[in-house]
Structure formats: C-alpha cells, structure tokens
Amino acid sequence: MKTLYNFSAGPSVLPKEVLLDAQKNLVDFEGCGMSVMEMSHRSKEYDIIIKKTEELFHEVMGIPDNYKVLFLQGGATQQFGMIPMNLLAKNGKADYVITGIFSNTAYKEAQLVGGPTGKTISAAGSTKEENYKRIPEQNELKLDPAADYLHICENNTIIGSKWKYLPDAGKVPIVSDMSSCILSEPVDVSKYGLIYAGAQKNIAPAGVTIVIIKKDLIYDPLPGTPTMLNYKVQAENDSMKNTPPCWPIYIAKLVLEYLQKNGGLAAMKAHNEAKAKVLYDFLDSTDFYKSHVVAKDRSIMNVTFRTESDELDDKFIKGSVAAGMSNLKGHRDVGGMRASIYNAMPKDGVEYLVDFMKKFEKENK
Ligand SMILES: *Cc1c(COP(=O)(O)O)cnc(C)c1O
C-alpha cells in the first residue's frame, strides 16, 4: 500500500503546501527563467533568498540581534566536532550531559578533538546506566564553572526523551543539539550560547545545518582548525565562504514562511502537544505497549514504545506498513517502534496510528 502517513525520524515529512510551492517554482523560480538549483549563489536572486531565510529564523524563533545564524554542511554530526574545535579555544574545558546515543557520540567526538592537546572533556551527568530512560535532574549534574560550554542534546531522537528544563550552568554557555525539536515550540534563545540542528527533522531536506551562535562565542578556534569548520570565517562570510547548500536553504525559507502564516511556534507547540497527547494517553491506558521513557521526560516529537517481544514488534511494523504507515520501526540500536511526529505530521496521522494500535492489540493479546 502506498504511504498515507510517514513517521520517519529524518529525513522526514514536510508540509504539503511547501512541497507544492517548491514544485510550482521548481523549473522557473518566480518567473526569473531558472530553477533555484541552477542559480549562482552569488546572484542577486539567491542573495535575496539566503538573507530572507536568515531574517525569518530571527523572526520565527525570536533570535536576538547578538546572535548569528549560520547555514553549514556536514549535518549535526559535523557540529559534534566543530563545537569543540571552536569553543575549547578559551579555557580548554567542556561539560557534556549524556542522555542518549547522539549526546554520547558528541561527547566522544569532543574527546577526539580535544584529547591530543590535553583538553578536559567531562561527563557532567549521564543516564546511560538506566538505558537513557530519563533526563537527569539539576542536582545530579557536576558542572564546572570554568568550562567553555555545557553541551546537552535537548530532544533525544532515538530514545524519545526531552529536556523539560534548561540546566542552570551559571555563566557557562549552554550548547544545545536541537536537531529534532527546533521549531516545534517557542524557545528563549537568549538562554543559550549556541543552538544547532540538522535540517532534515523539522526544517528542510537534508543538506543544511543550522547553527545559531551568540556573537561573543565567535572567537579564534583551536590551531589547525580547517577554514570551513571555523565559525568566525563562516560568520564573517555570512555562510558564503564557499557554495552553501542553496536548495535546502530555499526550502527552509518556505517552511519558515509556512510557520509564520500558521501562527508561529506557539501554534506549533499547541498542535504538537495535542498530537503527542493522543498517543501518550493511549499508551498510558494499556499494558500491551510499553513506553521506553519515564512520563515526565517524554518527547512530543519522537514517541518510542514496544510490545512484549521482538517478534510481535516485527509483526506490528509489517502490519503498519500494510496499513499505509511508513518508518515506524525503532532505531537499529534500540529496537521496538518509534513514531516521529514532527510539525508537518497532521493530528489525523496520529489518530490513524492509535486506531491501528488498538486493533493490533485486540488481535494479538
Ligand atoms: C539526527 C540527529 C543527529 C544527526 O544528524 P545528522 O544531520 O545526520 O548529522 C544528531 N543529533 C540529533 C539530536 C539528531 O536527531
């Protein structure tokens, strides 16, 4: 059966309106005679697109003027290396809270970057021993007041957990991986030093990575940092040191315009909470499915659950595909099921999933 609803964790569903707009302008962008894919990134037309996209990020997310928005490549994973290369150049110390697979990878990458020159990369907290089923409390964190930054992964895409509070790190800037929750709800950007996100969860197709950096964190990086991995160079060149990922930036612009037209991030938050409630209310009402994450820390973007056995999980996934739902299989490291319900997933999609889950439970109890 063809896909009715796509629950992919990323690349993931985009608003149909945006795709149709892109289609309409695919060959001839707004009557200029060529596609955005064919334009010089130094052209007048493209300059308007990239500048407008940056402006829209400021407007939609309420980003203060003392922050710079960068459009980079290499995905969120490249930021795992780029962050220590740039930010460790002050005190040479960083704290990492490990709440899932991505934050653990980020921690290891920082050690890879900082290790050879004796930088101190510390695990300031971890719930690894508990299979990441929760987010640590503030009083469990061992924070170094002299760290260059504190790194957290705000929404744990694979596990399905979310930080519901922002740790108090004093004067230490917070660096947040928001790949799977950016644009899902309003955030107070002024509380962060740096926010980053790969585009393919909630912004645009894969290929562009958004970095929102407080201007006082833009300083000379560790010696030997390659030019393209240097925030200062990227900021000074408005993300145009070389060819930027033109097409995904253009789609990000359309998505931001779509968000603006539809009530902005406050409306998105209400929409996303309502969707997640449908799913979690059902999960809480049954013992047939088990939720991986403790209730207080559950993500409203990635919902993870499983049945009592791997065999039944497999059967569930096969059945869901037959019913027109794609990508409900959990991450390969975790198993079970995962429903990613980003901004562009309609509530109807979640209701359709819950109806399927009820039917599957009845037939397999
Ligand atoms: C998807 C994801 C990543 C990896 O992103 P890439 O763009 O594939 O490098 C990192 N962190 C989080 C939280 C993610 O969801």
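The values are calculated or read from the model by the stated rules, or taken from the named source; none is laboratory data. Because the structure is a prediction, the values reported are computed rather than measured. Don't worry about glycine lacking a Cβ; one is built from the backbone with ideal geometry, like all the others, and counts go over all protein chains shown.
In region 325-346, the residues that are of a type in the set (Val, Ile, Thr) form Cβ pairs under 8 Å with partners that are in a loop (DSSP other than H, G, I, E, B) and surrounded by 18 or more Cβ atoms within 10 Å (Cβ to Cβ), at six or more places apart or across chains, as follows: Val334/Ile158; Val334/Ile159; Val334/His292; Ile341/Phe7; Ile341/Ile300; Ile341/Met301. Within region 11-29, the set of residues being under 16 Å from Gly349 (Cβ atoms) and surrounded by 16 or more Cβ atoms within 10 Å (Cβ to Cβ) comprises Ser12, Val13, Leu14, Pro15. For Lys68, state whether it is surrounded by fewer than 16 Cβ atoms within 10 Å (Cβ to Cβ) and either more than 16 Å from the ligand (Cβ to nearest atom) or under 18 Å from the mean Cα position of the chain (by Cα) (or both). So Lys68 does not fit the description; no.
Please pick out the residue among Val334, Val303 that is surrounded by 13 or more Cβ atoms within 10 Å (Cβ to Cβ), under 19 Å from the mean Cα position of the chain (by Cα), among the hydrophobic types (A, V, I, L, M, F, W, C) and modelled with pLDDT under 95.
Numbers: Val303 fails: modelled with pLDDT under 95.
Within the list Val334, Val303, the selection yields Val334.
Would you mind stating whether Lys253 is in contact with a helix residue (DSSP H, G or I) (Cβ under 9 Å, 6 or more places away or on another chain), surrounded by 13 or more Cβ atoms within 10 Å (Cβ to Cβ), among the basic types (Lys, Arg) and more than 23 Å from Arg134 (Cβ to Cβ)? Yes: the conditions hold for Lys253.
Please work out if Val278 is under 15 Å from Gly160 (Cβ atoms) and in contact (Cβ under 8 Å) with a residue 40 or more places away in the chain. Criteria not met by Val278.
Residue-wise test of (1) among the charged types (D, E, K, R); (2) part of a helix (DSSP H, G or I); (3) within 16 Å of the ligand (Cβ to nearest atom).
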position: Ser103; (1), (2), (3): no, yes, yes
position: Lys108; (1), (2), (3): yes, yes, yes
position: Gln111; (1), (2), (3): no, yes, no
position: Ala146; (1), (2), (3): no, no, no
position: Gly170; (1), (2), (3): no, no, no
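When we screen Ser180, Ser190, Ser239, Ser184 for residues that are out of contact with any Gly (no Cβ under 6 Å at 6 or more places or on another chain) and within 11 Å of the ligand (Cβ to nearest atom), the only hit is Ser180. Taking region 216-257 as the range and being without any contact (Cβ under 8 Å) to a residue 40 or more places away in the chain, assigned to a helix (DSSP H, G or I) and among the polar types (S, T, N, Q) as the test, only Thr227 passes. Checking the stated criteria, Gln138 turns out not to satisfy the condition of being more than 16 Å from the ligand (Cβ to nearest atom) and either at pLDDT below 95 or closer than 21 Å to Leu88 by Cβ (or both). The lone criterion from (1) more than 16 Å from the ligand (Cβ to nearest atom); (2) more than 20 Å from Asn237 (Cβ to Cβ) left unmet by Thr53 is number (2). Scanning region 94-127 for residues being surrounded by fewer than 19 Cβ atoms within 10 Å (Cβ to Cβ), of a type in the set (A, V, I, L, M) and in contact with a strand residue (DSSP E or B) (Cβ under 7 Å, 6 or more places away or on another chain) gives a total of 1. Pairing residues of region 71-84 that are more than 9 Å from Gly198 (Cα to Cα) with residues that are more than 8 Å from the ligand (Cβ to nearest atom) and among the charged types (D, E, K, R), at Cβ distances under 7 Å and at least 6 apart in sequence or on separate chains, gives Phe80/Glu109; Gly81/Glu109. Quickly run through region 152-168 and pick out the residues that are within 12 Å of the ligand (Cβ to nearest atom) and part of a loop (DSSP other than H, G, I, E, B). Listed by number, the residues that qualify are Glu154, Thr157, Ile158, Ile159, Gly160, Trp163. Here Pro186, Pro244, Pro221 are screened, and the one residue that is at pLDDT 95 or above and either in contact with a Pro (Cβ under 8 Å, 6 or more places away or on another chain) or closer than 26 Å to Ala94 by Cα (or both) is Pro221. State whether one or more residues within region 24-38 are among the aliphatic types (A, V, I, L, M), within 16 Å of the ligand (Cβ to nearest atom) and assigned to a loop (DSSP other than H, G, I, E, B). No.
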